[in-house]
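Input: a single structure, listed below in structure tokens.
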Amino acid sequence: MRALLAVFVALAVTGCAAVDPNCPADARELPLTSLYGRWEARFDGLPAVAVVQLGKHPDYAGVRGTITRNADSGAKTSVAQLAGDVDDEGALSIDESLDGRAISGNWAGTLQPRSCGREFRGTWRNAADESTHPFVLTKTVGMEGKQ
């Protein structure tokens, strides 16, 4: 019994615990609707948590939505438009625009193992100064199946 417990503890600590067979291993396996809903975006080197809202893109098989930065921090709130999809390599690729015309930022992220489609990590590039910031995008409230 003690040996079995030690094996379970070792698996949990090393992250090798059994993977839920219902969780997609790659973002290409996610239904598009799993991207719909509310997400939290955290960027290294940038203050505050941003709120991302994604829904069905009206023109192609992708997502469209908004990102709201500094909504709760007391700083000036900014809202940018987002549009993107999962590319052929399985990366989440999103273009961001502050004015609805020019690209102000780009997101490239990968689905995290064992997150069941609820966490992407990657790099956000600010088009104004070419700076890059690692990001974590975490699903908070879903709209699965709604269009």
> Which of the residues spanning region 59-70 are part of a loop (DSSP other than H, G, I, E, B), within 20 Å of residue 28 (Cα to Cα) and not hydrophobic (A, V, I, L, M, F, W, C)?
Replying inline: 59, 60, 62
> Would you say residue 55 is small (Gly, Ala, Ser), surrounded by 19 or more Cβ atoms within 10 Å (Cβ to Cβ) and part of a strand (DSSP E or B)?
Replying inline: no
> Regarding residue 140, is this residue within 20 Å of residue 42 (Cβ to Cβ), exposed (fewer than 15 other Cβ atoms within 10 Å of the Cβ) and modelled with pLDDT under 95?
Replying inline: yes
> Take the residues of region 58-74 that are more than 16 Å from the chain's Cα centre (by Cα) and aliphatic (A, V, I, L, M): which is surrounded by the most Cβ atoms within 10 Å (Cβ to Cβ)?
Replying inline: 71
> If you check residue 105 against the conditions, is it among the small types (Gly, Ala, Ser) and in contact with an Asp or Glu (Cβ under 9 Å, 6 or more places away or on another chain)?
Replying inline: yes
> How many residues, within region 38-47, are at pLDDT below 95 and buried (at least 16 other Cβ atoms within 10 Å of the Cβ)?
Replying inline: 2
>> Of all residues being in a loop (DSSP other than H, G, I, E, B), touching a Ser or Thr at 6+ places or on another chain (Cβ under 7 Å) and within 17 Å of residue 60 (Cβ to Cβ) in region 71-120, which is modelled with the lowest pLDDT? Just the residue, please.
In response: 87
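The values are calculated or read from the model by the stated rules, or taken from the named source; none is laboratory data. What you see is a predicted model, and the numbers here were worked out from it, not measured in a lab. Positions of Cβ are backbone-derived with ideal geometry, glycine not excepted, and every protein chain shown enters the neighbour counts.
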